[in-house]
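Taken together, the values in this text are just the output of simple stated rules run on the coordinates, not laboratory data. As the structure is a computational prediction, the values presented were derived from the model and not from experiment. Note that each Cβ is placed from the backbone with ideal geometry, even for glycine, and that neighbours are counted across all protein chains shown.
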Amino acid sequence: MTFRGEARILDLGPTFYDPVAPADFPATLVRFRNGRAAAEVGLDGLSDADWVRHFGRFAPLPDSLATPLALRYHGHQFRAYNPDLGDGRGFLFAQCRDSRDRLMDLGTKGSGTTPWSRAGDGRLTLKGAVREVLATEMLQALGIDTSRTLSVVETGENLHRGDEPSPTRSAVLVRLNHSHIRYGTFQRLAALGLADDMARLTTYVLTHYFGGTGDDPYAVLIDHAVTNAATQAASMMAAGFVHGILNTDNINITGECFDYGPYRFAQSWDPDFTAAYFDHHGLYSFGRQPEALQWNVFQLAGALRLVAPVEVLRPALEDFGSRYTTALTAALLRRLGVVPFGDARDRSLAEALVTALEASRANLDRFWFDWRGGKLRGGAADYNAGFEAFSVAVSAFTPAVATTHDYWSDPAPCSLPITEIEAVWAAIAERDDWGPFTTKVAAIRRMGAAMA
């Protein structure tokens, strides 16, 4: 595939972004190059030198943006409105078309200061970059709609952070997203009363991401947003994933999961499990993620009230619960690898499964591995106390997937607990040993191939 550059973001006009310059890093050492993602946008043929030139020094890509753009937005952070946001340590570097002809963004993290950096240094720790690679690889393997980590380049600076041993190494990361338009992008326009810009942004989003504006663009937009939010919540729950910071500036309009900070993978179906050490009240705990996504989409609707009456927005908002239940049922049945009936039996099975997992506190990775690998296909009543109702419900379903991949014969599942993430990083920090990182990425992709 040939790279096809785009610069559609310029259609929005200069009130949406600020041209910025990347930092001039003292070093550019490639640590991760995602050939699979690069192939989807025609960048897999770049030489090593050109990779560094574009993703370490940020020379423009052909037919795309001549200058990086720091996007402007507001947002609710732990439900407190913050108008002092925007891209503070990243920028939109380029746009392009992928192999499915979708408009894609190449955005950065750790690329230097911008007008929105506030007191920050605009940098990213190498540990943060390693953690984001592992998150995006794992979520992709689990079938979650996620940003892709395209590149990590170590940049040779020593950073000081209050929440990890310092000084620590630095990096710049490039992610591939379907969009970097956030809920907070709309919130900023509402807060500033920019009705014309709101109309322009809505047209941009519907045209480039959803195939057209329809008769009532605001009704169409909120309908897509509700479906995407419900699906994102359901997919995270089925994956046992806890994002950690589901603020409105971290939710994009296309429903991709992105911008990974203090995430965790839950080891059991524990609704109270939190990822961020500073989430003292469990606002974004595992079990409250659907509530968080629903609350966020209501804030998006609140922003759209600048240009749309509530009667236009209400029907989709009132349907969030139903769409979430449908999406969670589908996601759980996909993980079970069974053929849906398309009726109430599907939901009954999903409910029985969640009840069993929550009551038993069974290890999620082990349960899914044992089930999909065939070890429990005869029934799970003896797997742990509380699985009897699930065993009865699932007995009526037919397996939809083969288990011929040799992954299912492994002694243990591929998983990503925080202890393993820390061990991968410790090898890098203490010995500059990238072997465990490379091995883990390969193991995650092997699991993804087996699950596919």
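Considering all alpha-carbon pairs of segment 186-328, what whole percent are spaced by more than 28 angstrom?
Percent of Cα pairs beyond 28 Å in segment 186-328: 21.
With a 10 Å radius around each residue's Cβ, average the other Cβ atoms per peptide and rank 358-369, 13-24, 127-138, highest first. Display every interim value, and only then the final one.
Working: 358-369: 18.9, 13-24: 16.1, 127-138: 24.2.
Top of the packing list down: 127-138, 358-369, 13-24.
What's the FRET efficiency of T2 with T28 using the Cβ-Cβ distance as r and R₀ = 25 Å, to the nearest 0.05? Each step should come with its number before you reach the end.
Working: r = 25 Å, r/R0 = 1.02.
Here the calculated transfer efficiency is 0.50.
List the relative contact order of segment 152-228 as a percent without decimals, with contacts defined as Cα pairs under 8 Å and 6+ residues apart.
Value for segment 152-228: 17 percent.
Net charge near G5: determine it from the other residues with C-beta under 9 Å of the C-beta of G5, scoring Lys and Arg +1 and Asp and Glu -1.
0
With θ taken as phi - 60° and the coefficients 6.51, -1.76 and 1.60, list the Karplus ³J(HN,Hα) couplings across segment 133-144 in order, rounded to whole Hz; mark glycine and proline as x.
4, 4, 4, 5, 5, 5, 5, 4, 4, 7, x, 8
With θ set to phi - 60° and the Karplus curve 6.51 cos²θ - 1.76 cosθ + 1.60, what are the ³J(HN,Hα) couplings of segment 439-452 in order, to the nearest whole Hz, using x for Gly and Pro?
With coefficients 6.51, -1.76 and 1.60, one gets 5, 5, 4, 5, 5, 5, 5, 5, 4, x, 5, 5, 6, 4 Hz.
Divide by every residue of the chain the summed helix terms, -39500 (n - 2.57) for each DSSP H run of at least 4, and state the resulting mean residue ellipticity at 222 nm, rounded to the nearest 500 deg cm²/dmol.
-13000 deg cm²/dmol
Want the number for A442 to A402: 0.36 nm per residue separation, take away the alpha-carbon distance, what's left?
Once the chain is fully extended between A442 and A402, it gains 12.3 nm.
Can you give me the long-range amide H partners of L124? Hydrogens built in the peptide plane at 1.01 Å from N, cutoff under 5 Å, separation of 5 or more residues or another chain.
A171
Based only on other Cβ atoms within 10 Å, what is the fewest-to-most ordering of T125, T2?
T2, T125
Sort F437, F78 so that the residue with the fewest other Cβ atoms within 10 Å of its own Cβ comes first and the one with the most comes last. All intermediate terms of the calculation are to be shown ahead of the outcome.
On the way: F437 18, F78 15.
Least crowded to most crowded, the residues run F78, F437.
What are the ³J(HN,Hα) couplings of segment 187-193, residue after residue, when phi is run through the Karplus curve with 6.51, -1.76, 1.60 and θ = phi - 60°? Round to Hz, x for glycine and proline.
5, 4, 5, 5, 4, 8, x
So how do E388, E154 line up by other beta-carbon neighbours within 10 Å, fewest first?
Values: E388 14, E154 20.
Ordered from fewest to most neighbouring Cβ atoms within 10 Å, E388, E154 come out as E388, E154.
Tell me the relative contact order for the chain as a rounded percent, counting alpha carbon contacts under 8 Å between residues six or more apart.
On the way: 848 pairs, mean separation 60.6, N = 452.
That works out to 13 percent.
In terms of modelled amide H atoms, which long-range or inter-chain residues lie less than 5 Å from the amide H of V339?
For V339, the qualifying residues are T398, A400.
Which three numbers, in whole Å and largest first, are the semi-axes of the equivalent ellipsoid of segment 100-148 derived from its Cα gyration tensor as √(5λ)?
In descending order the semi-axes read 25, 16, 7 Å.
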